[in-house]
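> Below is the structure I would like to discuss, written out as structure tokens.
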Amino acid sequence: MNDTDCIFCKIAEGTVPAAKRYDDGQVFAIADLNPIAPTHLLIIPHAHVDALAEAGAARCLALAPAIARLAGVDAGGYRLVVNQGQAAGQVILHFHMHLLAGRSLGGMG
């Protein structure tokens with residue numbers, strides 16, 4: 001199911017071009033247009049998924065280590081970030097994860 005106004009759905013179906021770093025037909029990864037780290041990838045399910053609790057989120061999380069390895073950042077460490085909902089800073093309302101790496105990201109706990 002695709003949302004016709006969703007940029008991630010358009011990238012998934014190929015109507016909007018993007019340099020995909022990974023694509024298995026269910027999940028794809030692209031570089032963030034406004035990176036906050038030297039490596040800043042978005043991991044996105046092809047199917048339009050609004051929320052973390054929906055099906056595509058688990059596959060994105062399971063693939064994150066392989067995508068980090070493909071990006072060459074697995075050895076140095078990386079951070080995965082999910083902004084769930086507009087109040088949390090989610091701008092595009094199609095579930096996606098941010099993979100951040102390439103600099104010290106500071107401690108969170």
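> When residues of region 82-109 are filtered for being surrounded by 14 or more Cβ atoms within 10 Å (Cβ to Cβ) and either within 16 Å of R21 (Cα to Cα) or without any contact (Cβ under 8 Å) to a residue 40 or more places away in the chain (or both), how many remain?
10
> Can you report the number of residues in region 1-29 which are within 15 Å of H96 (Cα to Cα) and in contact with a helix residue (DSSP H, G or I) (Cβ under 7 Å, 6 or more places away or on another chain)?
Residues that pass the stated criteria total 8.
> Quick one: F95 ticks every box in (1) modelled with pLDDT of 90 or more; (2) in contact with a His (Cβ under 7 Å, 6 or more places away or on another chain) bar one, so which box is it?
(2)
> Considering only region 31-58, state which residues are free of Cβ contacts under 8 Å to residues at least 60 places away in the same chain and either over 21 Å from A88 (Cβ atoms) or among the polar types (S, T, N, Q) (or both).
Of everything in region 31-58, those that are free of Cβ contacts under 8 Å to residues at least 60 places away in the same chain and either over 21 Å from A88 (Cβ atoms) or among the polar types (S, T, N, Q) (or both) turn out to be A31, N34, H46, A47.
> For region 26-79, which positions are under 9 Å from the mean Cα position of the chain (by Cα), surrounded by fewer than 17 Cβ atoms within 10 Å (Cβ to Cβ) and either part of a strand (DSSP E or B) or modelled with pLDDT under 95 (or both)?
Selection gives A31 alone.
The values are calculated or read from the model by the stated rules, or taken from the named source; none is laboratory data. Computed from a predicted model, the values in this text were never measured in an experiment. No Cβ is skipped: glycine too gets one built from the backbone with ideal geometry, and neighbour counts run over all protein chains shown.
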